[in-house]
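Enquirer: What follows is a structure written as structure tokens; I'll ask about it next.
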Amino acid sequence: MRLGKSLAVFGMVLIIISFSNLGGGGSGTFVGPGQYSGEWIRTGGDFYLSVEPDYQGDVVSIFVLNYDDTLKVINSTSTVNTSPIFERINVTEYEGRIQIIIPGLYSILVTSCVNETGYSMNLKPILPALPFTISGFGLITTGLILILMKKSRFLEKD
Amino acid sequence: MNNRRKSWFWLLRAELDMYYHFPWLEGIIGAFITLGTLITIGSYSRIRLRISLDDPLRHGPVQVDNYLKLLENSSMYSIFAAINSALVIIAFILPIILSFSLSESFQNGFIKTLLSYPITKFQILASKLTIAILLVSILAIIGCILPVALIVPGPKDIEGILLVSIALCISVFTISTTTVLVSVIVKTPLSTTVISSGGWILLMFLSALQPIDSFIRSALNPVMLVTDFISNVTPDLLLMDVIQILALWTLIGVTTFILSIMKFNRTEL
């Protein structure tokens with residue numbers, strides 16, 4: 001009964017945590033032709049991405065790549081032989097949701113094909129974070145099953 | 001042999017059913033520790049990436065190796081942070097659960113009831129120890145290690161994780177046995193909790209204090225010792241030192257458990 005209660009409490013805690021805005025934040029730097037700049041990110045699911053050049057009218061290209069493709073780009077400095085999960089070429093700004101099917105390591109790369117430009121990038125996780133929500137519900141269910149099993153055993157004894 | 005196994009099983013079940021523990025307190029502490037772990041992981045989970053065709057240091061196979069090393073280190077630091085947080089939960093909650101379980105059993109006469117069955121005093125202490133470790137380990141795994149497993153993909157150093165896990169197990173064992181010894185001597189739940197939990201938290205606090213020599217700090221906390229050794233924070237620390245300190249902690253654990261049994265055997269109930 002008590003183990004069941006503990007598991008149920010933890011399940012609730014995980015569900016609450018799945019709504020916390022962890023892993024979000026902004027960054028930015030300068031990028032020019034032949035350069036890629038961005039971040040490695042660990043993500044468990046979809047996230048919102050916004051990229052905006054510092055000067056109006058400047059254009060940037062945005063790529064979201066998986067782990068293997070990122071290593072290829074670091075090796076060859078080109079996205080030619082890769083299959084990006086997401087790409088936008090020569091855009092003046094971008095704001096939208098990036099779909100991630102498999103949790104893991106990804107990279108967001110920004111480049112400029114025209115001239116050197118500054119940009120700012122912002123990441124926001126989509127809440128609730130599904131891995132935590134699913135684990136939370138799993139624990140609550142296990143806890144409730146344990147509590148119910150114990151109760152039904154008491155009733156049988158009576 | 002079969003009867004003995006049955007009595008062990010019966011005792012463990014009785015302990016689990018009647019154990020004094022605090023689901024809400026565990027939940028609240030677990031929530032804080034999980035959040036703390038997640039914030040720490042968050043600080044390691046975003047790494048700047050810069051690739052340049054013109055700069056030979058910013059692309060090519062050497063740079064790939066550099067990033068792989070960086071990613072492995074950041075995954076490892078996240079895992080170490082989680083296991084260190086797990087130790088904080090254990091050092092705080094395990095003495096509380098064990099103190100209340102053992103000392104209350106002395107006070108309310110439950111120990112006498114148990115001894116009227118064909119079971120030994122060693123079995124009673126061992127079953128209390130097993131269930132307390134089991135409960136707190138579940139708490140630590142759910143609160144700290146599960147979040148890391150869920151959100152830290154990427155390359156990991158499996159040998160390092162194994163070594164830190166061994167250090168965590170040794171710490172848990174020693175924390176439990178010393179609490180059992182204090183419980184058997186003091187026999188009142190509140191005093192036992194204050195002495196054991198307070199003592200361990202003080203030790204964890206000292207192991208985090210910067211002015212104290214880094215070698216002494218590491219020796220006060222086996223998990224930190226192994227973490228420092230793997231991350232090369234204390235360059236003077238050799239593998240032999242780590243093995244010796246872990247062996248010393250194990251010896252302390254075994255000795256205190258033997259002393260607890262001896263004291264328990266001599267105790268008039």
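Enquirer: What FRET efficiency would be calculated for the residue pair residue B:8, residue A:83, taking the C-beta separation as r and a Förster radius of 56 Å, to the nearest 0.05? Walk me through the numbers on the way to the answer.
Expert: On the way: r = 57 Å, r/R0 = 1.02.
With a Förster radius of 56 Å, E is 0.50.
Enquirer: Another question, if that's okay. Suppose R0 equals 25 Å. What FRET efficiency, 1/(1 + (r/R0)^6) with r the Cβ-Cβ distance, do residue A:115 and residue A:91 give to the nearest 0.05? Intermediate results must be reported in sequence, preceding the final value.
Expert: Numbers: r = 15 Å, r/R0 = 0.60.
Efficiency for this residue pair is about 0.95.
Enquirer: Right, another one. Can you give the local net charge around residue A:65? Use residues other than it whose beta-carbon is closer than 10 angstrom to its beta-carbon, Lys and Arg +1, Asp and Glu -1. Can you show the working numbers first?
Expert: Values: positive: A:72; negative: A:68, A:69, A:87.
The answer is -2.
Enquirer: Here's another thing I want to ask about it. For residue B:115 and residue B:65 in one chain, what is 0.36 nm times their gap in residues minus the Cα-Cα distance, to one decimal in nm?
Expert: Gain on stretching residue B:115 to residue B:65: 11.8 nm.
Enquirer: Sticking with this one: Taking the Cα atoms of the protein assembly as shown, what is the range of coordinates along each of the three principal axes, in descending order and whole Å?
Expert: For the protein assembly as shown, the Cα spread along each principal axis is 87, 57, 38 Å.
Enquirer: Can you give me the % of accessible surface on the range A:22-127 that is carbon or sulfur? Probe 1.4 Å, all protein chains present, nothing else counted.
Expert: It is 46 percent, rounded to a whole number.
Enquirer: Then there is this: How long is the range B:196-269 along each principal axis, judged by its Cα atoms, biggest number first, in Å?
Expert: Rounded to whole Å, the extents work out to 51, 26, 15 Å.
Enquirer: Ranking request for peptides A:146-153, B:223-230, B:255-262: highest mean number of other beta-carbon atoms within 10 Å first, then the rest in descending order.
Expert: Values: A:146-153: 13.1, B:223-230: 23.2, B:255-262: 17.2.
Order by mean packing, descending: B:223-230, B:255-262, A:146-153.
Enquirer: While we're on this one: If each of residue B:213 and residue A:16 carries a label point 7 Å out from its Cα toward its Cβ, how far apart are those two points in nm?
Expert: Reported label-point gap for residue B:213 and residue A:16 is 4.4 nm.
Enquirer: In Å², rounded to the nearest 100, what is the total accessible surface buried by chains A and B against each other with a 1.4 Å probe? Could the numbers behind the result be given before it?
Expert: On the way: alone 10020 and 14940 Å², together 20800 Å².
Interface between A and B: roughly 4200 Å².
Enquirer: Of the cross-linked pairs B:6/B:128; B:128/B:187; B:128/B:263; A:151/B:121; A:150/B:187; A:5/B:263, which ones have a Cα-Cα span greater than 25 Å in the structure shown?
Expert: Values: B:6/B:128 16 Å; B:128/B:187 15 Å; B:128/B:263 16 Å; A:151/B:121 31 Å; A:150/B:187 31 Å; A:5/B:263 35 Å.
The answer is A:151/B:121; A:150/B:187; A:5/B:263.
Enquirer: Calculate the mean, over all residues of peptide A:140-148, of how many other protein chain Cβ atoms lie within 10 angstrom of the residue's Cβ.
Expert: On the way: counts 0, 0, 0, 1, 0, 0, 0, 0, 0.
Taking all residues of A:140-148 together, the mean is 0.
Enquirer: Any idea of the accessible area per residue across the protein assembly as shown, 1.4 Å probe, to the nearest Å²?
Expert: Values: 20800 Å² over 427 residues.
Heavy-atom SASA per residue in the protein assembly as shown reads 49 Å².
Enquirer: Could you list which residues have their amide H under 5 Å from that of residue A:120, counting only those 5 or more apart in sequence or on another chain, with H placed in the peptide plane?
Expert: A:52, A:54
Enquirer: Something else now. Nothing charged except the Cβ atoms of Lys and Arg (+1) and of Asp and Glu (-1): what's the magnitude of the dipole of the range A:22-127 about its Cα centre? Round to the nearest 20 debye. Mind dumping the intermediate values first?
Expert: Values: 5 positive and 11 negative charges, 58 e Å.
Dipole about the Cα centre, nearest 20: 280 debye.
Enquirer: More than 19 Å apart: what percent of Cα pairs in the range A:22-127 qualify? List each step's numbers first, then the result.
Expert: On the way: 2147 of 5565 pairs.
Every Cα pair in the range A:22-127 considered, those over 19 Å come to 39 percent.
Enquirer: For the protein assembly as shown, what is the mean residue ellipticity at 222 nm derived from helices alone (per DSSP H run of n ≥ 4: -39500 (n - 2.57); sum divided by total residues; nearest 500 deg cm²/dmol)? Could the numbers behind the result be given before it?
Expert: Numbers: 14 runs with 266 residues, N = 427.
Value at 222 nm, helices only, nearest 500: -21500 deg cm²/dmol.
Enquirer: Next up: Per residue of B:103-111, count partner chain C-beta atoms within 10 Å of its C-beta, then hand back the mean as an integer.
Expert: Neighbouring Cβ atoms belonging to other protein chains average 0 per residue here.
Enquirer: A further question on this structure: Taking one equal scatterer on every alpha-carbon of the range B:66-126, how large is log10 of I(q)/I(0) by Debye at q = 0.15 1/Å?
Expert: For the range B:66-126, the Cα-only Debye profile gives -0.63.
Enquirer: Something else now. Report, as an integer, the average count of C-beta atoms from other chains found within 10 Å of each Cβ along A:4-13.
Expert: Working: counts 1, 6, 11, 5, 2, 11, 11, 2, 2, 12.
Partner Cβ neighbours, averaged per residue: 6.
Enquirer: Still on this structure: Could you point to the residue in A:89, B:201, A:15 farthest towards the positive end of the protein assembly as shown's charge dipole, with +1 and -1 charges on the Cβ of Lys/Arg and Asp/Glu respectively?
Expert: Working it through, the farthest residue towards the positive pole turns out to be B:201.
Enquirer: Another one. With a 1.4 Å probe on protein heavy atoms only, tell me which residues of the range A:70-113 lose at least 30 Å² of accessible surface in the complex relative to the chain by itself.
Expert: Those are A:71, A:74, A:75, A:77, A:105, which lose 30 Å² or more relative to the chain on its own.
The values are calculated or read from the model by the stated rules, or taken from the named source; none is laboratory data. Worth saying up front: this structure is predicted, and the values here are computed from it rather than measured. Please note: Cβ atoms are built from the backbone with ideal geometry, for glycine as well, and neighbour counts cover all protein chains shown. Ligands, DNA and RNA are stripped out before the accessible areas are found, and what is left, the full protein with its side chains, is counted by its heavy atoms. Shrake-Rupley method; radii C 1.70, N 1.55, O 1.52, S 1.80 Å.
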